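Some notes on the structure that comes next.
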Amino acid sequence: MVWLSLALYAFCMSPAAAKEREPALTLGILPVSSPLALFERFAPLRDFLGETLGLEVRLASARDFPSFIRNTAAGEYDIVLTAPHLVPGAVDSGHYTVRATFREEIRAAVLVRSEGPVNHLEELAGRPVAAPPQAAIVSMVGADMMLQSLSPGAVAPEFVHYPNHNAAVQAVALGFTDAAIVSLIIAQQAIDDGLPLERLATSRPIPGLGVLVSRRLPESVQAGVGETLIGMEASDQGRQVLKQILLQGFVAADPEVFEFLRPFAPQPVGGDG
């Protein structure tokens, strides 16, 4: 089951839905934030795709990373925005083709409280650190960055995994942990929102989220999705939508761009999504 696609149906439908055009497209988004924050952020993209393609577009996600991975492997989404290390597995499922990726690369950021006890990465030895789910590439990259900063024999940080990036931000802001690993975009947004946090460190870059399109769609629709996203920077409306969804733009991509991240990908497990 694609979680939230019915519960938030009215909120998630594009304006094209009013015309009852078929077929409807389901845009599945990796659950990196709380459901409300996720859907509010990407509603403008939903609307833009719906208007440009002349098709109804519905937003969908999943309750957690494992559920999203299972849904993707089952081919439940028509368009997928997914983590770079999950792209190879999605392509292996046979359901999807890679059409684009975010122009900006992903970086993990370490947040600490502005008046907190930590001023350097090595001071996080043995301390609790909030992070997104273990399956998140940001968690892996951020944890590796921290571990590399420790002196030989130092106690590793205690990584506490939360359902999404926003929850990890709240954990450090409220003092439940001494730091948080989140994506650089989420970190900057938290600081801009006035939370008493500061960025302690930033990781090396990795490829941005991948955009996959279902092979069951007509080729004209598959190509149209990629062309619409890649062409957003060329129009005033497209640039406005990119600003609203906090992205610089999309560029063409193929599976090889993400292949080196395959070892980081978790294996799908059984269960309902």
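Note that the chain shows a convex hull volume over its alpha carbon atoms of 126 Å³ per residue.
The Cα atoms of segment 127-234 define a convex hull whose projected area, averaged across directions, is 9.4 nm².
Relative to the Cα centre, what is the charge dipole magnitude of the chain, using +1 at the beta carbon of each Lys and Arg, -1 at the beta carbon of each Asp and Glu, and rounding to the nearest 20 debye?
Dipole magnitude for the chain comes out near 180 debye.
What residues qualify as long-range amide H neighbours of residue 156, i.e. H under 5 Å apart, gap of 5 or more or another chain, H built at 1.01 Å from N? Sorted by chain and number, the residues that satisfy this are 126.
Rule-based calculations on the coordinates, nothing more; no lab input. Values in this document were obtained by computation on a predicted structure and should not be read as measured data. Note that we place each Cβ from the backbone using ideal geometry, even for glycine, and neighbour counts take in every protein chain shown.
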